[in-house]
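Below: the structure, in structure tokens.
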Amino acid sequence: MKTFVLNGPNLGRLGTREPSVYGSTTHDDLVRLCVETGKDLGLDVEVRQTDHEGEMVGWLHEAADAAAPVVLNAGAWTHYSIAVRDAAAQLTAPLVEVHISNVHQREQFRHHSVLSDIATGVLAGFGVDGYRLALRWIADNAK
Ligand code: DQA
């Protein structure tokens, strides 16, 4: 099953970006982790990252048209982008919201997500393992 892993702003800098918060895994490592996890689970995983909101909106439209599940780490857009939320709301297959850090242990402005109430489920604080857990759930539950 085609499955998208979509990462938002600043996640391309994983590995060098605040390693005490986000760890030392690079985005290239994360791509490999997701693709290999997908292979083991029978999912055709495509990982993308963008710093441009309109590009993310377009990718969500593509996933909606393909009726494909999405693992979404929208980064900072999580907390305020109604455009990303409105695009994500068009998905018909499962949407798993992932955050590498435990956003609830961090600044107050990270505690609110404009995505969580339309997501199938939310994973936060498990580091990059959150992506593996999300893909596992999709493999077990998405039709
Ligand atoms: C993040 C948490 C967000 O608050 C932050 O803006 C990010 C990454 C995470 O994966 O922990 O860019 O989504």
On a C-alpha basis, how far is the centre of the stretch 1-37 from the centre of the stretch 48-71 in Å? Whole number, if you could?
-> 16 Å
Using a simple spin-label model with points 7 Å from Cα along the Cα→Cβ vector, what separation in nm is obtained for residue 107 and residue 92?
-> 4.0 nm
By how many nm would the segment from residue 65 to residue 29 lengthen if fully extended, with 0.36 nm per residue of separation less the alpha-carbon distance?
-> 10.1 nm
Computed lengthening from residue 53 to residue 16, 0.36 nm per intervening residue step minus Cα-Cα distance = 11.1 nm
Taking a spot 7 Å from the Cα of residue 118 along the direction of its beta carbon, which residues of the stretch 1-31 have an amide N less than 20 Å from it?
-> 3-9
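Read-outs throughout are calculated quantities, based only on the coordinates presented, and are distinct from any laboratory measurement. Treat the numbers as computed from the prediction; the structure is a model and nothing was measured. Every residue, glycine among them, receives a Cβ derived from its backbone with ideal geometry; neighbour counts consider all protein chains shown.
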